[in-house]
Amino acid sequence: MTLAPFNPDLGLIVGLLLTAATVALRFAVARRIIVTETSLQLGKATLPLEFIGKVESIPKEEQFFARGALADPRAFFQLKSGLPDLVRIQITDPSDPTPYALVSCRKASELIAALEDAKPTKKAK
């Protein structure tokens, strides 16, 4: 409250406005994971569902190594600290050198279920 010595009301208003702006900015820049009928969108990256292979949740005790020492440098990473779950999505596109996507999320089971339900092979059965 740097403005409090001059005017306590102004200091309070500026503090509340800065807090609201920070929260709004945080939501505006958040990377989203969107599963549609035809694709998986990870932030700005889009992957057609036909090129999604095995999808698996990484156990908590293996997450540190999956993000670091065991990670393939060609992989796509969408990681964010503070999110509890980590999902590995195999990419089967022969023209794409990216072997998999490693994605941090809040609810791995929901992401895996959404991808399994949306996969073209599931719909064909």
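Principal-axis analysis of the Cα atoms of the chain puts helix 8-28 at an angle of about 10° to the longest axis. Averaging 1/r over each pair of different alpha-carbon atoms in the range 67-125 and inverting the result gives 12.8 Å, the Kirkwood hydrodynamic radius.
Can you give the charge dipole size of the range 32-78 about its Cα centre, rounded to the nearest 20 debye, using +1 on the beta carbon of Lys and Arg and -1 on the beta carbon of Asp and Glu? Please report the intermediate quantities before stating the final value.
Working: 6 positive and 6 negative charges, 43 e Å.
Magnitude of the dipole: close to 200 debye.
GNM on the chain, alpha-carbon springs under 10 angstrom: the most fluctuating residue among 101, 69, 24 is 24.
Less than 5 angstrom separates the built amide H of residue 58 from those of 86, 87, 88, all sequence-distant by 5 or more or on a different chain. Overall dimensions of the chain, expressed as equivalent-ellipsoid semi-axes from the Cα gyration tensor (√(5λ), whole Å, largest first), are 39, 17, 13.
Derived scalar couplings between HN and Hα for the range 56-71 equal 9, 7, 8, x, 3, 6, 9, 4, 4, 6, 5, 7, x, 4, 8, 6 Hz in order, rounded to whole Hz, by the Karplus curve 6.51 cos²θ - 1.76 cosθ + 1.60 (θ = phi - 60°), x for Gly and Pro. Sites listed here are trypsin sites (Lys or Arg not before Pro) in the range 68-117 whose DSSP assignment is loop and whose Cβ has at most 12 other Cβ atoms within 10 Å: 74, 80, 106.
Cross-link partners of residue 54 among aspartates and glutamates, defined as those whose alpha carbon lies under 19 angstrom from its own and excluding same-chain residues fewer than eight positions apart: 37, 62, 72, 85, 93, 96, 110, 116, 117. Per-residue Karplus couplings for the range 94-106, computed as 6.51 cos²θ - 1.76 cosθ + 1.60 with θ equal to phi - 60°, are listed in order as x, 8, 10, x, 6, x, 6, 10, 10, 10, 7, 7, 7 Hz, Gly and Pro entered as x.
Helix 108-118 and the long axis of the chain differ in direction by around 50°, with both axes built from C-alpha atoms.
Quote to one decimal, in nm, the extra length available between residue 38 and residue 70 on full extension: 0.36 nm per residue of separation minus the C-alpha distance between them. It would help to have the intermediate numbers written out before the result.
Values: separation 32, 0.36 × 32 = 11.52 nm, distance 3.02 nm.
Full extension from residue 38 to residue 70 adds 8.5 nm.
With R₀ set to 25 Å, the beta-carbon distance separating residue 83 from residue 20 gives a calculated FRET efficiency near 0.55. Largest GNM mean-square fluctuation among 51, 76, 65, using the chain with Cα springs under 10 Å: 65. Size descriptors for the range 1-57: radius of gyration and Dmax over Cα atoms are 21.1, 62 Å.
The amide H of residue 39, built 1.01 Å from its N in the peptide plane, has 49 as neighbours under 5 Å, considering only residues 5 or more places off or on other chains.
All of the numbers you see were taken from the coordinates with simple rules; none came from a lab. Here the structure is a predicted model, which means the values were calculated and not measured. With ideal geometry, Cβ positions are generated from the backbone for all residues, glycine too; neighbour counts draw on all protein chains shown.
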